[in-house]
């Protein structure tokens, strides 16, 4: 049964999230350690990896001997505990339940704070249980939670091993694949099958851990007991008898004052990325730390981390509402953990950070430039060092002799193997490349990094490469040939006006960088060129009350989302009248769930729509473009981690999900940050 919208509006008065998430983030760290609830209630369905494959987390509460299920769904399951609320903040998801005079809050806390790379990189989520009586009577309460070994394998049937460990006072269980083929597979619709899943419980009254099989859930539900010992042998390898890492908390009598318990779920992948044939460690492991150090530090620092996350979540919502209003804040907060979790932070051999995205449910590419470009506002708002850690690998790759083309690469490989471009023609041919797109993206990103840093020194080392791309855009950028753009699902398009905008702004960005680095002649030459091209663009693209999709196609239109960088970088190349007339046209062209990408089809891109909305000079116009996107998230029948490509008429997903590009919704906050007036 679909829950009424009022269910999700319960906390509106307190300024908290009001949207019904199409999927709820639970344990969300990177492209492999990423578990979601994809239904209204967390008891409606088994929890799943972002790809949709089942990765079960399960929970049971016993209140005065009566069992109820508060997480997951499995065969012969007990009745669910009524869920009364779900709240998603930047770092925390809280599910609230009430039954038999008892209130239960279950929190999944992932300390994903971009300004602290050490904390951000820890693959640890805290699962917190808060229980209190609401009817004036004490109640006897016990809790059960487990995580299945499916979290550590790619496909059902892979052999699993487990172990019980002791890290100081921590009781720890570990599970992983028996094969341990580290970095042995690459592709899109895959889960990890190397490294180990950990469940760790700090010392707490009435706490126990057990490695067992799924029948223990039924045993606990029926009698409140469980086996006296861990499973002595590996379980049969099928969906029912996978090993589970379980925790049990005997709370005793719980009154109005309440009580809480917590555990930690963690994943140590040992090696995370192959970067030009070098296997790199996750960032948190760069100084020799292992799971014992990871879990011990996480347990020790939990009180401070909890307070820090609460402050961060509260301050971020206040900021986002000030930047763009409540609906905007809802969208940005739902995009927050998803953006980070589509990346992996690793340490290069010299200790520098490398931060690479996975192009989820697109083609599985790693380090895709036109994925970094839309997500860049997120990192420019929160920590530009993370954007540098995405851009630097592309620049280093393009400087190698093996990259022979005069334009920028598209990607670094297929996740998690970053060994060279695989998209289109790879390194061998121009077929299905994105020459203007990626070259423009890289120049704009370099200028954005310079603005964030207050200087252009990041670009100095790469000036020959950046110059080569600027020269390519000088030749090809004003009226692009029949090329792909980032919206490659729409196919090749010649004379693309929005792509032309990108090229012109990229040349203006290159001019700005040249001036900052002291190359005054280059600055002057390219500034004049960019101004002339922008003036020519306006004449070539004009189509009455708006501007065309392609220079040679009258009667067409498209979102000119790339224009936003003219304002962000203060290049002032295009007349403000262009975005004004476009905005008026857009407001007349919207459908129920948003503004179509262009006139060809009714689908749109969520990230680009927010960029387009940010061109508005009036708050009311910005809000008018944002509101249908918010409605889409609240009503879409496609229950997946926020898709960025969907149909504006019915709200159905077109493709793509769980991608980092949704970080682009922070564009409005970046605009306020860089141009506060």
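For segment 345-363, the criterion of a residue being touching a strand residue (DSSP E or B) at 6+ places or on another chain (Cβ under 7 Å) and closer than 29 Å to residue 624 by Cβ is satisfied by no position. Taking the conditions exactly as written (touching a strand residue (DSSP E or B) at 6+ places or on another chain (Cβ under 9 Å), at pLDDT 95 or above, within 24 Å of residue 662 (Cα to Cα) and outside the structural domain of residue 128 (by TED's automatic domain parsing)), does residue 341 satisfy them or not? It is true that residue 341 is touching a strand residue (DSSP E or B) at 6+ places or on another chain (Cβ under 9 Å), at pLDDT 95 or above, within 24 Å of residue 662 (Cα to Cα) and outside the structural domain of residue 128 (by TED's automatic domain parsing).
Each residue in segment 143-177 was checked for being more than 23 Å from residue 27 (Cβ to Cβ) and modelled with pLDDT of 95 or more, and 3 pass.
Listed here are the residues, each with its yes/no results for (1) under 27 Å from residue 674 (Cβ atoms); (2) in contact (Cβ under 8 Å) with a residue 12 or more places away in the chain; (3) touching a strand residue (DSSP E or B) at 6+ places or on another chain (Cβ under 7 Å).
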{"position": "557", "(1), (2), (3)": "no, yes, yes"}
{"position": "561", "(1), (2), (3)": "yes, yes, no"}
{"position": "571", "(1), (2), (3)": "yes, yes, no"}
{"position": "583", "(1), (2), (3)": "yes, yes, no"}
{"position": "589", "(1), (2), (3)": "no, yes, no"}
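In segment 487-505, is there at least one residue being touching a strand residue (DSSP E or B) at 6+ places or on another chain (Cβ under 8 Å), within 19 Å of residue 616 (Cα to Cα) and surrounded by fewer than 24 Cβ atoms within 10 Å (Cβ to Cβ)? No; the residues of segment 487-505 include none that is touching a strand residue (DSSP E or B) at 6+ places or on another chain (Cβ under 8 Å), within 19 Å of residue 616 (Cα to Cα) and surrounded by fewer than 24 Cβ atoms within 10 Å (Cβ to Cβ).
Considering segment 352-365, and only residues there that are more than 14 Å from the chain's Cα centre (by Cα) and modelled with pLDDT of 95 or more, the residue that is surrounded by the most Cβ atoms within 10 Å (Cβ to Cβ) turns out to be 365. When you look at residue 109, is it outside the structural domain of residue 343 (by TED's automatic domain parsing), farther than 26 Å from residue 153 by Cα and either touching a helix residue (DSSP H, G or I) at 6+ places or on another chain (Cβ under 7 Å) or surrounded by fewer than 18 Cβ atoms within 10 Å (Cβ to Cβ) (or both), yes or no? No: the conditions fail for residue 109. In segment 212-228, of all residues being in a loop (DSSP other than H, G, I, E, B) and free of Cβ contacts under 8 Å to residues at least 24 places away in the same chain, the one that is nearest to residue 251 (Cα to Cα) corresponds to 225. Might you let me know whether segment 141-154 holds any residue that is closer than 23 Å to residue 180 by Cα and surrounded by fewer than 24 Cβ atoms within 10 Å (Cβ to Cβ)? The answer is yes, given that some residue of segment 141-154 is closer than 23 Å to residue 180 by Cα and surrounded by fewer than 24 Cβ atoms within 10 Å (Cβ to Cβ). Could you list, in sequence order, all residues of segment 564-592 that are crowded, with 23+ Cβ neighbours inside 10 Å and over 18 Å from residue 499 (Cα atoms)? Across segment 564-592, the qualifying residue is only 586.
Yes/no matrix, rows are residues, columns are (1) modelled with pLDDT under 50; (2) surrounded by fewer than 19 Cβ atoms within 10 Å (Cβ to Cβ):
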residue: 1; (1), (2): yes, yes
residue: 4; (1), (2): yes, yes
residue: 13; (1), (2): yes, yes
residue: 17; (1), (2): yes, no
residue: 22; (1), (2): no, no
residue: 25; (1), (2): no, no
residue: 28; (1), (2): no, no
residue: 36; (1), (2): no, no
residue: 41; (1), (2): no, no
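Would you please name the residue that is surrounded by the most Cβ atoms within 10 Å (Cβ to Cβ), looking only at residues in segment 409-436 that are over 19 Å from residue 364 (Cα atoms) and either touching a residue at least 40 places away in the same chain (Cβ under 8 Å) or outside the structural domain of residue 481 (by TED's automatic domain parsing) (or both)? Going through the qualifying residues, I end up with 436. Criterion first (crowded, with 23+ Cβ neighbours inside 10 Å, part of a helix (DSSP H, G or I), in the same structural domain as residue 436 (by TED's automatic domain parsing) and in contact (Cβ under 8 Å) with a residue 12 or more places away in the chain) does residue 527 satisfy it? The answer is no for residue 527. Taken over segment 455-500, the criterion of being out of contact with any helix residue (DSSP H, G or I) (no Cβ under 9 Å at 6 or more places or on another chain) and under 23 Å from residue 541 (Cβ atoms) is satisfied by 475, 482, 489, 490, 491, 492, 494.
The values are calculated or read from the model by the stated rules, or taken from the named source; none is laboratory data. In this text, all values refer to a predicted model and were calculated from it rather than measured experimentally. For neighbour counting, all protein chains shown are included, and Cβ atoms are generated from backbone atoms with ideal geometry for every residue, glycine included.
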